[in-house]
Amino acid sequence: MKLYTFWSIWQDSELMGCGAIKELDSRHGEIKSMRTASSHLRTGVAARLMNHILEEATRRSYERLSLETGSMDAFAPARRLYAGFGFKPCGPFADYVEHPYSVFMTRDMRGDHTAPDL
């Protein structure tokens, strides 16, 4: 059975953002989703979620954390965020296949886990 975990960030009764990971195997996790409410874009919500996901991946002893995101211009801020947290381009993983609208990224979790200054 694969483990899925979902988190959300709230301010009072307002949803600010959410994120999720899926355990691919005991050493490899996948960020399944990260979303920030439009009223909270570029306020640090995504960075807080990413820090939390990385802490959880470390707690689970994942050696690698990967993700799939869009290749279109609208996803450029997300790709910059991921790169800022040490994710690097990679090929398809798990059941993904190469696709022109997909960008695959991965991060080696065995090492420095210092969060960037965003």
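Any read-out appearing in this document is the output of simple, stated calculations on the displayed coordinates, not a laboratory observation. None of these values were measured; they are calculated from a predicted model. No Cβ is skipped: glycine too gets one built from the backbone with ideal geometry, and neighbour counts run over all protein chains shown.
Taking region 9-30, which residues are more than 10 Å from L65 (Cβ to Cβ) and of a type in the set (A, V, I, L, M)?
Matches in region 9-30: I9, L15, M16, A20.
Restrict the check to region 20-40 and report whether at least one residue is of a type outside the set (A, V, I, L, M, F, W, C) and at positive phi. Don't jump to the end; show me each part of the working.
Filtering region 20-40 for residues of a type outside the set (A, V, I, L, M, F, W, C) gives 22-23, 25-30, 32-33, 35-36, 38-40.
So of that shortlist, the ones also at positive phi come out as none.
Taking every residue of region 20-40 in turn, none turns out to be of a type outside the set (A, V, I, L, M, F, W, C) and at positive phi.
Could you pull out the residue among A46, A94 that is surrounded by 12 or more Cβ atoms within 10 Å (Cβ to Cβ), among the aliphatic types (A, V, I, L, M) and farther than 19 Å from I9 by Cβ?
Of the residues listed, the single one that is surrounded by 12 or more Cβ atoms within 10 Å (Cβ to Cβ), among the aliphatic types (A, V, I, L, M) and farther than 19 Å from I9 by Cβ is A94.
Pick from region 49-78 the residues that are among the acidic types (D, E) and surrounded by 13 or more Cβ atoms within 10 Å (Cβ to Cβ): which of them is nearest to A94 (Cα to Cα)?
This residue is E68.
Please find, within region 16-43, the residue that is surrounded by the fewest Cβ atoms within 10 Å (Cβ to Cβ) out of those that are of a type in the set (A, V, I, L, M) and touching a Lys or Arg at 6+ places or on another chain (Cβ under 7 Å).
Here the residue is A20.
Wholly within region 6-96, which strands (runs of 3 or more DSSP E) include no fewer than the required count, namely at least 1 residues that are touching a residue at least 60 places away in the same chain (Cβ under 8 Å) and of a type outside the set (V, I, T)? Don't jump to the end; show me each part of the working.
Numbers: elements: 14-25, 28-36, 64-70, 88-90.
Result: 14-25, 28-36.
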